1. Could you list, in sequence order, the residues of segment 302-356 that are touching a helix residue (DSSP H, G or I) at 6+ places or on another chain (Cβ under 6 Å) and free of Cβ contacts under 8 Å to residues at least 60 places away in the same chain?
2. What do you reckon, is residue 31 surrounded by fewer than 17 Cβ atoms within 10 Å (Cβ to Cβ), without any contact (Cβ under 8 Å) to a residue 24 or more places away in the chain and either within 51 Å of the chain's Cα centre (by Cα) or closer than 30 Å to residue 154 by Cβ (or both)?
3. For residues that are assigned to a loop (DSSP other than H, G, I, E, B) and either modelled with pLDDT under 95 or on the phi > 0 side of the Ramachandran plot (or both), tally how many sit in segment 287-301.
4. Which members of segment 121-143 meet the condition of being touching a strand residue (DSSP E or B) at 6+ places or on another chain (Cβ under 6 Å) and in a loop (DSSP other than H, G, I, E, B)?
5. Every residue in segment 325-356 that is modelled with pLDDT of 95 or more and outside any strand (DSSP E or B), please.
6. Test each condition in (1) modelled with pLDDT of 90 or more; (2) surrounded by 13 or more Cβ atoms within 10 Å (Cβ to Cβ) for residue 115 and report the one that comes out false.
7. Select from segment 264-281 the residues that are assigned to a helix (DSSP H, G or I) and crowded, with 20+ Cβ neighbours inside 10 Å and list them in ascending order.
8. Of (1) under 19 Å from the mean Cα position of the chain (by Cα); (2) part of a loop (DSSP other than H, G, I, E, B), residue 87 satisfies all except one. Which?
């Protein structure tokens, strides 16, 4: 007899002492694994058995495992009007069928995982200052089993008009607010889902001030980077991280370029662990003449506490200073200048993106 997943050659009545061949044949998507039953019911799928008594043999089958497909690459088509299309290539599932699930997020909204057989979705992306992100996973399946879900690939769109030209650079006009909110009591993790803190665990603060991100989350663990280990190899060129396509986390040097364009000297820009310049902090904060309006969004500290909103603001660069620290910029409500310093990567700071 056969278990689920295959057939066995027909039984019958046979002369005592005769030798018979029994054959197990696996159905599509299954593999023969073993025989069970009376003495002699063992061996390969097709084997002989001596009929020295009545025999009952059962063939056992298991569904053939399917490898998870590759991470989908999500392409964002810039909208004409108020809608944006997100597309991804069909997953490679030889002999099987592909399906997908996506998560759509923006400014505190999270669709949750949505199942689809399509390789594209379209959403209205009309609000200035919002980053609209679609994260997609693929899975292969058949009538017998399924693969695990792939890692998530994502694409983001920051609404046009959300960029400000300052000298040779084009900066995002708003603090980044992308990802799924997690509480300040937990670290953000490398789990294929962008995660953010909202000050005091209040979603409204993300809407008003943007999310807060640990450094490794901000750079999206590129080249194996974590909050306690260095990327290998070291970063070179732009680090997109959690920024939308076509933009990136500003490097320490790109922050310097911004400050120099607003009147800071090179020597001042290069100074460390001190408040630098003259009035560049005032120019860069809300109400300042640069128009960049950097918000004093506070921080999430490593002991899970939230501090300094709305008096101080802290912004990451993509450049680490050591395995556990990275270069930042700080802005205080009562300081006209800008602090360039290093800070532990595990703290949650704001992110402002820069176009490539």
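1. The answer is 331, 336.
2. Working: surrounded by fewer than 17 Cβ atoms within 10 Å (Cβ to Cβ): yes; without any contact (Cβ under 8 Å) to a residue 24 or more places away in the chain: no; either within 51 Å of the chain's Cα centre (by Cα) or closer than 30 Å to residue 154 by Cβ (or both): yes.
Here the answer is no, as residue 31 does not meet what is asked.
3. So the count comes out to 3.
4. 125, 130
5. 333, 334, 335, 336, 337, 345, 346, 347, 351, 352, 353
6. Here residue 115 clears every test but (2).
7. Step one: filter segment 264-281 for residues assigned to a helix (DSSP H, G or I), giving 266-270, 280-281.
Correct list: 268, 269, 280, 281.
8. (2) is the only condition that residue 87 fails.
The values are calculated or read from the model by the stated rules, or taken from the named source; none is laboratory data. Note that the coordinates shown come from a computational prediction; the quantities given were computed from them, not determined experimentally. Glycine gets a Cβ as well: all are built from the backbone with ideal geometry, and neighbour counts include every protein chain shown.
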